[in-house]
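Chemist: Pasting a structure here, questions to come.
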Amino acid sequence: MAKFKLDKINDLKVSLQNNLWYKYFKNVIEIETWIDFEMEIENILKQISILLKSETTQSKKVNYFRDISINYSDFNLFGIIEHKLDDKEVFSVTEKYLDKRKREIKSKDILSDLSNSFEEFISIFNRYLVDILGVFYENKTHNHIIPFHLINQIFTFNYTPTLENFYGVDKSKVVYLHGEMHANNEIQNLVFGISEIPDDVKIIKAYDFAKYYQRIKKNSNRKFIEIPIDKKSGLEETIFYIIGHSLDESDKEYISALFKFLEFDLSGNSRICVFYHSSHDREHKLKNLFSIIDKNDVVEMEKVGRLYFVELDIENTNREFSRKIVISGDSHFFL
């Protein structure tokens, strides 16, 4: 039975109560997956862009905005705007974010506060992983249907040492593409954000919310697969196994790299195997692929058997991993 430390739980509660992003996420009913988190982050950034572009000579004089296509309740939660009249369609920017001399919105201050609160949210999440989820590692088990010992390298988007603790995988095989949790909050390097920030927000350099910026800032920019410089024959036979990943656009760069590897392998030895849990899951992954990879590439790779889908169960897994790979070949796990 897992045992939690009450003081750790209380610390988390206090930290969450004061975090602006947690207050926002808590009020969004539709959040169910990591993708939903990312969509909400992008949503706020886009709305900030709309707010900044709505400034006019008149609004600067009186700090008075009407009929702006932003969600007012969201910006109330972040303390960016306030209503001064009974008309809910009319608002003013709070004094904190208003340059009293120029009478214009202090966009850099807004984004600075949002960035700091966002980083605090990530730190709180790290504490949750360590102090709450980490307790379950005391009851670890090694029962699994994937023969991890046959995999050369495992790329994971998870932040937790589940592979090592639950399945006994050697840590040297695991690459944490989005960082990993750590008991020391100053050392944790979790990457949590969006793939790209809106163009209008780039002007004010809101890169703190972008994954590619965080990976470098937090020293978690790990090397991914080695793609040949030129298209050629004679490449090692390589199989990329994908499990538990939605193949969503948020990780487009990694998925595109897999297909580029296949494209550069003129011998046709490399393949992508996507494990799925249900017919619905298979359809969902396939549709996501079509949204980020050229349809002709997906169709052609599937036609020649270099892209294939396998339902995840013991029988299929045993069959898949009993296939012989040439001695010089590699297999990579992607989850």
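Chemist: Need one number for the range 24-131: average projected area of the convex hull over its C-alpha atoms, nm².
Modeler: If you wrap the Cα atoms of the range 24-131 in a convex hull and average its projections, you get 7.7 nm².
Chemist: Ignoring ligands, DNA and RNA, what accessible area per residue does the chain give at 1.4 Å, in Å²?
Modeler: Solvent-accessible surface per residue comes out at 55 Å².
Chemist: Taking square-rooted eigenvalues a ≥ b ≥ c of the alpha carbon gyration tensor, is the range 240-320 rounded, prolate or oblate, where a/c under 1.5 means rounded and, failing that, a/b exceeding b/c means prolate?
Modeler: oblate
Chemist: Of LYS53/LYS223; LYS173/LYS252; LYS23/LYS218; LYS106/LYS223, which sit over 27 Å apart, Cα to Cα?
Modeler: LYS53/LYS223; LYS106/LYS223
Chemist: Evaluate E = 1/(1 + (r/R0)^6) for ILE216 and GLN153, where r is the Cβ-Cβ distance and R0 equals 22 Å; express this FRET efficiency to the nearest 0.05.
Modeler: 0.50
Chemist: What angle do you read, to the nearest 10 degrees and between 0 and 90, between the alpha-carbon axis of helix 34-53 and the longest principal axis of the chain?
Modeler: Result, in degrees: 30.
Chemist: Counting only protein heavy atoms, what percent of the accessible surface of the chain is carbon or sulfur at a 1.4 Å probe?
Modeler: It is 50 percent, rounded to a whole number.
Chemist: What residues from the range 97-124 fall in the zone where the backbone N is under 17 Å from a label point 7 Å along the Cα-to-C-beta line of ILE132?
Modeler: Only 120-124 pass the distance filter.
Chemist: Starting from the amide H of VAL310, placed 1.01 Å from N in the peptide plane, find each other amide H under 5 Å away whose residue is 5 or more places distant or on another chain.
Modeler: VAL274, PHE275, TYR276
Chemist: Using the alpha-carbon atoms, what tilt in degrees (0 to 90, nearest 10) does helix 279-292 show relative to the longest principal axis of the chain?
Modeler: 70
Chemist: GNM on the chain, C-alpha springs below 10 Å: top fluctuator among ILE105, ILE272, ILE203?
Modeler: Among ILE105, ILE272, ILE203, the largest GNM mean-square fluctuation belongs to ILE203.
Chemist: Can I ask one more? From the phi of every residue in the range 266-277, what ³J(HN,Hα) in whole Hz does the Karplus formula 6.51 cos²θ - 1.76 cosθ + 1.60 yield, where θ is phi - 60° and glycine or proline is x?
Modeler: 5, 6, x, 7, 7, 9, 10, 10, 9, 7, 9, 9
Chemist: At most 13 other Cβ atoms within 10 Å and a DSSP loop assignment: could you name the GluC sites (Glu not before Pro) in the range 34-91 that fit?
Modeler: GLU89
Chemist: Starting from the Cα of ILE227, step 7 Å along the direction of its Cβ; do the same at ARG66; then give the gap between the two resulting points in nm.
Modeler: Calculated label separation equals 5.2 nm.
Chemist: Calculate how steeply helix 252-264 sits against the longest principal axis of the alpha-carbon atoms of the chain, using the helix alpha-carbon long axis, and give the answer as 0 to 90 degrees to the nearest 10.
Modeler: Long axis of 252-264 versus the principal axis of the chain: about 30 degrees.
Chemist: Cα-Cα pairs above 19 Å in the range 180-335: how many percent?
Modeler: Cα-Cα pairs of the range 180-335 separated by over 19 Å account for 62 percent.
The values are calculated or read from the model by the stated rules, or taken from the named source; none is laboratory data. Just so it is clear, the model here is predicted, and its values are computed rather than measured. Cβ atoms come from the backbone with ideal geometry, glycine included; neighbour counts cover every protein chain shown. Ligands, DNA and RNA are stripped out before the accessible areas are found, and what is left, the full protein with its side chains, is counted by its heavy atoms. Shrake-Rupley method; radii C 1.70, N 1.55, O 1.52, S 1.80 Å.
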